[in-house]
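J.: First, the structure itself, so that you have it in front of you.
The values are calculated or read from the model by the stated rules, or taken from the named source; none is laboratory data. On a predicted model such as this, the values are computed, not experimentally measured, just so you know. In this analysis, Cβ positions are derived from the backbone assuming ideal geometry, glycine residues included, and neighbour counts consider all displayed protein chains.
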Amino acid sequence: MGVASIPRNYQLFYEAYIGSNPELAQDLAALGSRATQEELDDLSARHLGTGQVDVIEKAHDRILTELDSVLKLLRQEQASLESYSRLLGETAVRINAKSSFSSELIRNAVSLLNDATGDKIAQGEKTAGDMEQRSQEMDQVRRELDEYKRIANTDSLTRLSNRRAFDERLATIFDHAPSLPVTALVLADIDNFKKINDSYGHPVGDKILSTVASVIRSNVRKEVFVARTGGEEFAIIVQGNTPDEVMIICERVRRALETRAFRNSRSGINYGPVTISLGYSMASQAADPGDLYARADTALYHAKNSGRNRTIFYEDNMTKDYVSKSWLIYKK
């Protein structure tokens, strides 16, 4: 198709591929095989909320501008200090030269040094003030960038972390080997979600997704990482727990959803029951982040294939008689 292989295009096609946003997939297909980068960016801004990219780039430019101003100030201050140092040196040489020693010379030297010192102090105060102003401006830009990063890593529908944030967190799991036996990746998927969308429409589906996300978030510890990784799929990274403890956490989430009422208070329509299947693997069972993802996905597949609405822990004898689409995308 000739599309540039840049991160924002990868995200766009990934979301369309996994079917998390049917309207996005339709609009992307409508662009045909000759879509321009401008058209793709417009699509991303409308469907994925990536309009903040321009703002981030502007904030980045502002930081570069401020840094350039700081460097100029520092160079000016350095030049001023060097000039003042030369003046002190030359005056000292003249005073030390007894042949030219006189009270007039002393008066001139003192007057000259007094003026130079006063100018240097004033220049230093001005530089300090300018540096303080630049520092405050850069702190503001940093805060803006931190907020934009938070937005860029947040799923707009569920307010959980998104796939981008999940990939970043998953990649760091193997940085600390001693914690691998008590670190687990849990993958969860809403059961029969397509039927919900087909029966009641995507607005209802979105509300159910948001509610499921809230239930998951409220049934795990605050520090546990939870993300919506696409469509009706979620990921949970649990650290500091044994396999049995992770099972307890997963079952608490699963039962909380199983018993949750999904009813429209106005129409009385009951959308439930809504259940999820979960599969998990400990990091110590895997060789790297990709392998960990594949094992957790295998466990999730077995949870789905054995009746849904259950939690399965990965075991080495589990068959891999399927191809995980999400895993194939992750490998790319």
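J.: Tally time: how many residues in region 253-287 are exposed (fewer than 13 other Cβ atoms within 10 Å of the Cβ) and of a type in the set (D, E, K, R)?
T.: 2
J.: Check region 216-226 and report whether any residue there is in contact (Cβ under 8 Å) with a residue 12 or more places away in the chain, within 18 Å of the chain's Cα centre (by Cα) and crowded, with 21+ Cβ neighbours inside 10 Å.
T.: yes
J.: Tell me which residues, restricted to region 266-305, are assigned to a strand (DSSP E or B) and touching a residue at least 60 places away in the same chain (Cβ under 8 Å).
T.: Passing the criteria: 276, 277, 278, 279, 280, 281, 282.
J.: On to the next question. Looking at region 233-265, which of its residues are without any contact (Cβ under 8 Å) to a residue 12 or more places away in the chain and closer than 28 Å to residue 174 by Cα?
T.: 244, 245, 248
J.: If you don't mind, there's one more thing I want to ask. Against the condition modelled with pLDDT under 95 and in contact with a Ser or Thr (Cβ under 7 Å, 6 or more places away or on another chain), how does residue 192 come out, does it pass? Before you say what the answer is, go through the steps one by one.
T.: On the way: modelled with pLDDT under 95: yes; in contact with a Ser or Thr (Cβ under 7 Å, 6 or more places away or on another chain): no.
No; evaluated as a whole, the condition is false for this residue.
J.: A further question on this structure: If I go through region 249-265 residue by residue, how many of them are under 19 Å from residue 203 (Cβ atoms) and modelled with pLDDT of 95 or more?
T.: The qualifying residues number 0.
J.: Look through region 238-252, keep the residues that are hydrophobic (A, V, I, L, M, F, W, C) and within 26 Å of the chain's Cα centre (by Cα), and return whichever of them is surrounded by the most Cβ atoms within 10 Å (Cβ to Cβ). Lay out the reasoning, then the answer.
T.: First, the residues of region 238-252 that are hydrophobic (A, V, I, L, M, F, W, C): 238, 246-250.
Filter once more, so that each one left must be within 26 Å of the chain's Cα centre (by Cα): 238, 246, 249-250.
Values: 238: 22, 246: 23, 249: 21, 250: 26.
Checked region 238-252; the qualifying residue surrounded by the most Cβ atoms within 10 Å (Cβ to Cβ) is 250.
J.: Find the residue count for region 32-72, including only residues that are modelled with pLDDT of 75 or more, outside any helix (DSSP H, G or I) and either within 22 Å of the chain's Cα centre (by Cα) or surrounded by 15 or more Cβ atoms within 10 Å (Cβ to Cβ) (or both).
T.: Selection size over region 32-72: 1.
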